Structure formats: structure tokens, C-alpha cells
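The structure appears right after this line, and notes come after that.
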Amino acid sequence: MKQEPKSAQERPDPTLGTVAGHPLRARCLTLLADAALSPKEIADRLGAELDDVSYHVRTLKRLGAVELVAQEPVRGAVRHVYRAVKRPMASDKAYARLPAAKRQDLSRWILELSLAEAAISLEAGTFARRRDHHVSRFPARVDEQGWKDIARIYDRALVEAMDVAAASAERLSRDPGRPGIDTRVTASVFEVPEKK
């Protein structure tokens with residue numbers, strides 16, 4: 001069944017900075033990616049003003065980044081519970097079958113969360129605290145074979161990184177006293193518009 005196109009007012013804002021550009025909004029989004037919470041619960045966890053959190057959660061909802069999942073009566077008021085809109089993980093074959101617009105939406109979501117988490121880490125001073133952290137960017141002009149080779153490198157790196165994370169989780173579960181390091185691994189390879 002074909003969906004009717006959304007009006008311009010209903011469409012999520014395509015500007016990543018709108019979602020991740022405000023530190024409090026970024027924190028709200030990352031908390032809601034991990035759990036369904038009310039603005040009050042978010043405010044309590046962050047030590048932030050409820051009115052400010054409520055504003056940013058409403059903005060995230062308007063942008064399509066979070067959704068309302070429950071409304072519960074609490075002492076004469078209504079508790080609104082939100083969570084980040086879940087985007088499915090897809091195999092390479094399933095991802096390739098998605099329409100370009102769906103691939104764009106999924107990519108936007110991953111970048112929104114990545115930018116939000118990076119902004120929080122930079123603000124907290126943890127992003128570059130470790131000397132062996134990694135962040136890189138380089139422009140390249142490649143042919144079709146070069147594109148495929150780079151894409152395969154990143155596919156292998158993802159699988160290896162996920163294997164390392166699984167092995168770490170196993171060691172941490174066997175030894176609860178072992179210190180853990182909260183980490184985000186982000187990588188991207190994408191085509192940019194040709195220079196005119």
C-alpha cells in the first residue's frame with residue numbers, strides 16, 4: 001500500500017544539527033535511545049529543568065526522532081512516556097532492497113545519534129581523553145572498484161568490532177569487578193555531490 005506523502009510541516013527536519021545541535025536535546029535523545037522515559041525522569045537523571053527537557057522532547061517528537069509510547073495517570077496529571085524511534089538493523093541484502101528514501105532515513109537516524117553522543121562526549125571532555133582514541137576524515141575521488149574496496153574494508157571492520165565488543169561483554173559478565181569503558185564506534189563511507 002502506497003503511503004500518502006507527508007506535508008512539509010509533518011516531515012522530519014532534514015538538518016542533523018536541529019536534532020543533535022543542542023547539548024540538552026542531544027542528551028535527551030541518547031537517553032531515549034536506551035529506554036522509554038518521561039520528561040520528568042529525564043530531567044531527574046540529567047539534573048535539568050523539567051520545562052527545558054519537556055521543550056526539547058517535544059521538539060524531538062516534532063522532528064520524528066522520538067515517539068510517545070504511553071500516557072499514564074499520575075496523581076491527577078498525565079505522565080507522558082517517550083522513546084527514540086526504533087530503526088531496524090538490516091543485513092546488507094535487505095538494506096540494498098530498501099528504497100533510497102528509506103536508506104536515507106536510516107542513515108540520518110544513525111548520524112543523529114552519533115553526532116549527539118559525540119557532542120556529549122566532547123562537552124564532557126571524554127572524547128579525546130584516551131590517547132589511542134580515533135577520529136578521522138579524508139576526502140577521496142575513487143573509481144567504482146575503489147568504492148567497493150573501501151566499502152568492504154568498513155564492512156569487515158564492523159564485523160570485527162562487533163566480535164571484540166561481544167568478547168568484552170563476556171569477560172565483563174564473568175568478572176563484574178572488571179572496569180568497563182562505555183564506547184561508541186561510528187564509521188561511514190558516503191558519496192558527496194560532485195563539485196561544480
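Using beta carbons and a limit of 6 Å, which pairs, at least six apart or on different chains, have the first residue in segment 26-52 and over 21 Å from PRO73 (Cα atoms) and the second one among the small types (Gly, Ala, Ser) and open to solvent by 20 Å² or more (accessible area, probe 1.4 Å)?
As it stands, the answer is ALA26/ALA119, since those pairs meet every condition given.
Among the listed residues ALA33, ALA48, ALA26, which satisfies the condition of being among the small types (Gly, Ala, Ser), at pLDDT below 95 and assigned to a loop (DSSP other than H, G, I, E, B)? Lay out the reasoning, then the answer.
Numbers: ALA33 fails: assigned to a loop (DSSP other than H, G, I, E, B); ALA26 fails: assigned to a loop (DSSP other than H, G, I, E, B).
Step by step, each of ALA33, ALA48, ALA26 is checked, and only ALA48 is among the small types (Gly, Ala, Ser), at pLDDT below 95 and assigned to a loop (DSSP other than H, G, I, E, B).
For LYS6, state whether it is more than 21 Å from GLU123 (Cα to Cα), modelled with pLDDT of 85 or more and not hydrophobic (A, V, I, L, M, F, W, C).
Working: more than 21 Å from GLU123 (Cα to Cα): yes; modelled with pLDDT of 85 or more: no; not hydrophobic (A, V, I, L, M, F, W, C): yes.
It is false that LYS6 is more than 21 Å from GLU123 (Cα to Cα), modelled with pLDDT of 85 or more and not hydrophobic (A, V, I, L, M, F, W, C).
Every residue, every condition in (1) hydrophobic (A, V, I, L, M, F, W, C); (2) surrounded by 12 or more Cβ atoms within 10 Å (Cβ to Cβ); (3) within 25 Å of the chain's Cα centre (by Cα); (4) assigned to a helix (DSSP H, G or I), yes or no:
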site: PHE138; (1), (2), (3), (4): yes, no, yes, no
site: LYS148; (1), (2), (3), (4): no, no, no, yes
site: ALA157; (1), (2), (3), (4): yes, yes, yes, yes
site: GLU160; (1), (2), (3), (4): no, no, yes, yes
site: ASP163; (1), (2), (3), (4): no, no, yes, yes
site: ALA169; (1), (2), (3), (4): yes, no, yes, yes
site: GLY180; (1), (2), (3), (4): no, no, yes, no
site: PHE190; (1), (2), (3), (4): yes, no, yes, no
site: GLU194; (1), (2), (3), (4): no, no, no, no
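The values are calculated or read from the model by the stated rules, or taken from the named source; none is laboratory data. Keep in mind it's a predicted model, so treat the numbers as computed, not measured. Note that we place each Cβ from the backbone using ideal geometry, even for glycine, and neighbour counts take in every protein chain shown. Note: areas computed on protein heavy atoms with side chains; ligands, DNA, RNA excluded. Shrake-Rupley method; radii C 1.70, N 1.55, O 1.52, S 1.80 Å.
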